[in-house]
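Read the structure below first, then the notes.
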Amino acid sequence: MKTVLDMVLTFTNWVWGIPMLIAIAGGGFFLSVRLGFLQFTKLPFILRNTIGKAFGQKAEQGKFSGWQAVTGALASTLGAGNIVGTAMAIAYGGPGGVFWLWVAGLLASIVKYAEVTMAMKYRKLDQDGKWAGGPHIYLSAATGWKWLSVAYSIVCVLCMFVAASAQIGSGVDNIAAFGAPRTVTTMILTILCALVVLGGMKNLLSVSERLVPAMSILYILGALVVLALNIQNVPGAFAMIFRYAFTGHAVLGGFGGATVAACIRWGIARGVYSNDAGVGYVTIAHSVAEVNHPIQQGMWGIFEVFFDTLIVCSMTCLSILSTGVWTQEGIPAATLTAAAFGSALGVAGQLIVTICLVLFTFTTACAQVEFGCTTLSRLVGTWAKKYGRIVMLVLIFMGGIVGIGSLINYLDFVLFLTIFFNLIGIYWKHQEVVDLSREYFEDPEKWEHTKWPRWAEMEEEYNSNQKEVS
């Protein structure tokens, strides 16, 4: 007789197949049609007005620029999913899993655009005059269904507990591969996380603004060198991705074979795990941005998925496939990327992956602790934030001890629940995103100098109240 955990795992493997393909890719296609496939048709404009302007952005004293907000979101987005998660897509789903990972990214980018836009539209000024938003606010505000925000908040807190633990577990897995003591490594990473998260969103954005660009450049440069050294195998790697996406793959070497269903299951799941599209919680970081119109920050959602899935994840996948390490015996999925870099660059390659993975997982775990505790405080009260951080730090330590392999399936289950409740609101109220997009793209120049009326009114009301108090 199956235990409850067995049934959860069986359900998880099923739901991350065709059902989530329909929910993420199908829903993304629907939104793309309604929005004129703007993630493709307006991509040059989006890149010019996001990353093209990022390094020149300066925020007012005490406020956060759109770039700072997006590095906070990328701190959560760029994590174990890019290095370990994508490797798992290949290890368990075969080369064809990469195709479905791309599908998830291309169509899910518009989902992330929609959720960031919704978070910006319904954000509020807190008692200190700072912007705050996220699914715990926009789901009920947009639909009028308070239960939806409550249900989302409960499963989101659980998801963040497991996700942050899995991130640290992944980092420790790779450090332990060099022979480092697991307990000591876990303790050091947990203490470093504590130093960041106990300072709240301000600390998180300050750290992520510095670490995210540096770790991304280091990893991409390392991957480019690996691909250059194996350039003759890259065309074959692409061919395998498309060939096996619809046929599955037989047993080969250390690879156990995969059906088409496994390709879809692991490709879609790891794609979403990597780019965070549909999960909602990264919009908490986006919501603090000082911009003039919701779409200006919504465009960053498209850039995030584009950068995360089509650049960073693709680098990982092609490195693994072109070096051939995925067919070798005895290489755990969690260290497959390190093996690929190591086969081309020796110990230096393994060190690059390990350093980047530790930085990726560290910033992601910190972001997830902050998002989880912010959601918890909205659910039960601000007093819970401090205690929530302590509980999550304890769970992070436990995750480092057991490793990502013991947590990944349970993470997929709570991730599904989080996405399920979030997408109900996003799809139900998608017309609001369509209307805001039309408003902005009719005259983008106008919004370079004009504050969106609703935000201007809220700021004016806040400033008026502050004058009365003083």
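Structure notes:
- Checking each residue in the range 299-312 for being touching a Leu at 6+ places or on another chain (Cβ under 8 Å), closer than 12 Å to Lys112 by Cα and either not aliphatic (A, V, I, L, M) or not in a helix (DSSP H, G or I) (or both) picks out Phe303, Glu304, Phe306.
- Qualifying residue in the range 174-183 (condition: within 20 Å of Ile419 (Cβ to Cβ), touching a helix residue (DSSP H, G or I) at 6+ places or on another chain (Cβ under 7 Å) and not polar (S, T, N, Q)): no
- So Gly388, is it surrounded by 20 or more Cβ atoms within 10 Å (Cβ to Cβ), in a helix (DSSP H, G or I), within 19 Å of the chain's Cα centre (by Cα) and modelled with pLDDT of 80 or more: no
- Search result, residues across the range 429-456 that are within 14 Å of Val111 (Cα to Cα), in a helix (DSSP H, G or I) and touching a helix residue (DSSP H, G or I) at 6+ places or on another chain (Cβ under 7 Å): His430, Glu432, Val433, Val434, Ser437
- Hey, Ile426 assigned to a helix (DSSP H, G or I), more than 19 Å from the chain's Cα centre (by Cα) and at pLDDT 80 or above or not: no
- Within the range 313-326, the set of residues being closer than 18 Å to Leu229 by Cα and within 20 Å of the chain's Cα centre (by Cα) comprises Ser314, Met315, Thr316, Cys317.
- Total residues in the range 407-421 satisfying the condition of being buried (at least 21 other Cβ atoms within 10 Å of the Cβ) and among the polar types (S, T, N, Q): the figure is 1.
- Tally of residues being farther than 14 Å from Ile355 by Cα and in contact (Cβ under 8 Å) with a residue 40 or more places away in the chain across the range 168-194: 9
- Glu459 being in contact with a strand residue (DSSP E or B) (Cβ under 8 Å, 6 or more places away or on another chain), outside any loop (DSSP other than H, G, I, E, B) and of a type outside the set (A, V, I, L, M, F, W, C): yes
- Considered as a group, the residues in the range 346-360 that are assigned to a helix (DSSP H, G or I) and out of contact with any Leu (no Cβ under 8 Å at 6 or more places or on another chain) include one that is surrounded by the fewest Cβ atoms within 10 Å (Cβ to Cβ), and that residue is Val347.
- Flag if Ala277 is over 24 Å from Ala245 (Cβ atoms), modelled with pLDDT under 85 and in contact with a helix residue (DSSP H, G or I) (Cβ under 7 Å, 6 or more places away or on another chain): no
- Pair list, Cβ under 6 Å, 6 or more apart: the range 206-218 residue under 19 Å from Ile311 (Cα atoms), other residue in a helix (DSSP H, G or I) and at pLDDT below 75: Val212/Thr71; Val212/Leu74; Val212/Ala75
- Residue count for the range 161-184, restricted to those that are surrounded by 24 or more Cβ atoms within 10 Å (Cβ to Cβ) and modelled with pLDDT of 85 or more: 0
- Residues satisfying the stated conditions in the range 122-146, i.e. under 19 Å from Leu436 (Cβ atoms), more than 21 Å from the chain's Cα centre (by Cα) and among the aliphatic types (A, V, I, L, M): Ala141, Ala142
- Scanning the range 220-233 for residues that are assigned to a helix (DSSP H, G or I) and either at pLDDT 90 or above or over 18 Å from Ile51 (Cα atoms) (or both) yields Leu221, Gly222, Ala223, Leu224, Val225, Val226, Leu227, Ala228, Leu229, Ile231, Gln232, Asn233.
- Residues satisfying the stated conditions in the range 340-387, i.e. small (Gly, Ala, Ser) and farther than 24 Å from Ile154 by Cα: Ala340, Gly342, Ser343, Ala344, Gly346, Ala348, Gly349
- Val197 meets the stated requirement of being modelled with pLDDT under 80, under 26 Å from the mean Cα position of the chain (by Cα) and among the β-branched types (Val, Ile, Thr).
- Sole exception among (1) surrounded by fewer than 19 Cβ atoms within 10 Å (Cβ to Cβ); (2) at pLDDT below 85 for Gly399, by number: (1)
The values are calculated or read from the model by the stated rules, or taken from the named source; none is laboratory data. Just so it is clear, the model here is predicted, and its values are computed rather than measured. So basically every Cβ, Gly included, is an ideal-geometry build from the backbone, and we count neighbours across all protein chains shown.
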